[in-house]
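> Can you read through this structure? Questions will come right after.
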Amino acid sequence: MNELVPQIRGVRIQGHGVTKFKVCGDAENMYQDSGRPGVREMTKNMMLKSVILIFSGLLLVAPVRGQSTGPSHAGFDPNAPLGGHYHEGELGDKLLGLESELKCNCGCGLDLHSCQFQMQCGVSPVWSKRIRDALESGETVEAVEAGFVADFGTTVLLAPPPEGFNLVGYLLPAVAILGAGMLLGMLARGGSVPGEYVPVTEPSDEDLARLREEMRKLDEAESPDW
């Protein structure tokens, strides 16, 4: 039965885009072009190239993922280690407090604690170790902070002490708020005219009698006539 069914094979005519079909009696030659050894070899080469490209991309991405993702700044050091976790117990609380009060001078503008865990600079880990060593040796928080101020000035503090010119920064907001409140109060009072006080006197008996008479006449005028 299968021998009686003719097989169809298509041949494309060059330049016309039309496929011309002819009957072929050999069933094994159907799809002969797609199964040629050259096509299989080409497919293997394409798969091999794809695998090589994928592995090459992974090798390129791996070093980038290992670097810091923080923004670049003056003190950025990609080889600097990230800060360790030493913020446990009483000493850890003191360490965290000092790191939060001191400003890193790498140019990031952050406090010491945030910088060493986010910006990866070469300054904050060294300063953190200095604080930790000083606290472990028995120095007080005030002494450690005073040491940093002596070495780097008051600009190392996130909140400068309220003395000298720094008082302007502390007092100016309060003065501005009070001044604005006083100005608004003056403007509000200036828009109203104070009234004159009129003395109130008790009505006399004659006034009361006249009022009662007027009320009686008004009631009679409004009463119906039926």
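> Do we find a residue being at pLDDT 75 or above, hydrophobic (A, V, I, L, M, F, W, C), farther than 30 Å from Asn105 by Cβ and part of a loop (DSSP other than H, G, I, E, B) anywhere in the range 185-202?
Yes; the residues of the range 185-202 include at least one that is at pLDDT 75 or above, hydrophobic (A, V, I, L, M, F, W, C), farther than 30 Å from Asn105 by Cβ and part of a loop (DSSP other than H, G, I, E, B).
> Then there's this: Filter the range 115-136 for residues that are touching a residue at least 40 places away in the same chain (Cβ under 8 Å) and surrounded by fewer than 19 Cβ atoms within 10 Å (Cβ to Cβ); which is nearest to Asp151 (Cα to Cα)?
Gly122
> Still on this structure: Within the range 91-114, count every residue that is more than 17 Å from Ala146 (Cα to Cα) and among the charged types (D, E, K, R).
Number of matching residues: 1.
> Within the range 137-148, does at least one residue satisfy the condition of being at pLDDT below 90, more than 31 Å from the chain's Cα centre (by Cα) and exposed (fewer than 13 other Cβ atoms within 10 Å of the Cβ)?
To start, the set of residues in the range 137-148 that are at pLDDT below 90 comprises none.
Looking for residues that are at pLDDT below 90, more than 31 Å from the chain's Cα centre (by Cα) and exposed (fewer than 13 other Cβ atoms within 10 Å of the Cβ), one finds none in the range 137-148, hence no.
> Only one of Leu112, Leu167, Leu102, Leu171 is touching a strand residue (DSSP E or B) at 6+ places or on another chain (Cβ under 8 Å), at pLDDT below 90 and surrounded by 11 or more Cβ atoms within 10 Å (Cβ to Cβ); which?
Working: Leu167 fails: touching a strand residue (DSSP E or B) at 6+ places or on another chain (Cβ under 8 Å); Leu102 fails: at pLDDT below 90; Leu171 fails: touching a strand residue (DSSP E or B) at 6+ places or on another chain (Cβ under 8 Å).
So the residue among Leu112, Leu167, Leu102, Leu171 that is touching a strand residue (DSSP E or B) at 6+ places or on another chain (Cβ under 8 Å), at pLDDT below 90 and surrounded by 11 or more Cβ atoms within 10 Å (Cβ to Cβ) is Leu112.
The values are calculated or read from the model by the stated rules, or taken from the named source; none is laboratory data. This is a predicted model, so every value here is computed, not measured. With ideal geometry, Cβ positions are generated from the backbone for all residues, glycine too; neighbour counts draw on all protein chains shown.
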